[in-house]
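Below is one structure, written out as structure tokens, with a few remarks after it.
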Amino acid sequence: MEKETLIMVKSFCSSCSISTELFHQLKEYGLIVTIEQDDIEYLNDENLMKAEQFIRLHKTLHINMEGLDVVAHLLDKINRLEEELRQFRH
């Protein structure tokens, strides 16, 4: 079993030049999930990619949290439909 790579949330926020408040808003909206160990929050690889994507959308297109929530649901739906299409093709 592969060991999961974890990134500290504080380090992530610092490297992306965002506030921890913005990060926690993403978490409160359920857009990302963190892992807590020894009272320190971490991101795994999957949530790291999601967080980077949502932060890019927020910074470059100025999409608010509600808009990011809509985007997340649409992306999930697209992924499910693509999976269904793959299954039908086989």
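The values are calculated or read from the model by the stated rules, or taken from the named source; none is laboratory data. All values derive from a computational prediction rather than experimental measurement. We place every Cβ from the backbone using ideal geometry, glycine too, and count neighbours over all the protein chains shown. Areas reflect the complete protein model, heavy atoms only, side chains present, ligands, DNA and RNA absent. Shrake-Rupley method; radii C 1.70, N 1.55, O 1.52, S 1.80 Å.
Please enumerate the residues belonging to segment 42-54 that are among the polar types (S, T, N, Q), touching a residue at least 24 places away in the same chain (Cβ under 8 Å) and open to solvent by 60 Å² or more (accessible area, probe 1.4 Å). Within segment 42-54, none qualify. Taken over segment 3-37, residues that are free of Cβ contacts under 8 Å to residues at least 40 places away in the same chain, in contact with a strand residue (DSSP E or B) (Cβ under 8 Å, 6 or more places away or on another chain) and open to solvent by less than 60 Å² (accessible area, probe 1.4 Å) amount to 6.
Residue-by-condition table, conditions (1) under 17 Å from LYS10 (Cβ atoms); (2) among the aliphatic types (A, V, I, L, M); (3) within 9 Å of the chain's Cα centre (by Cα); (4) surrounded by 13 or more Cβ atoms within 10 Å (Cβ to Cβ):
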residue	(1), (2), (3), (4)
ILE40	yes, yes, no, no
ARG56	no, no, no, no
LEU61	no, yes, no, no
VAL70	no, yes, no, no
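From the list GLU46, GLU52, pick out the single residue that is of a type in the set (Asp, Glu), at pLDDT below 95 and within 17 Å of THR5 (Cβ to Cβ).
Details: GLU52 fails: at pLDDT below 95.
Testing whether each residue is of a type in the set (Asp, Glu), at pLDDT below 95 and within 17 Å of THR5 (Cβ to Cβ) leaves just GLU46.
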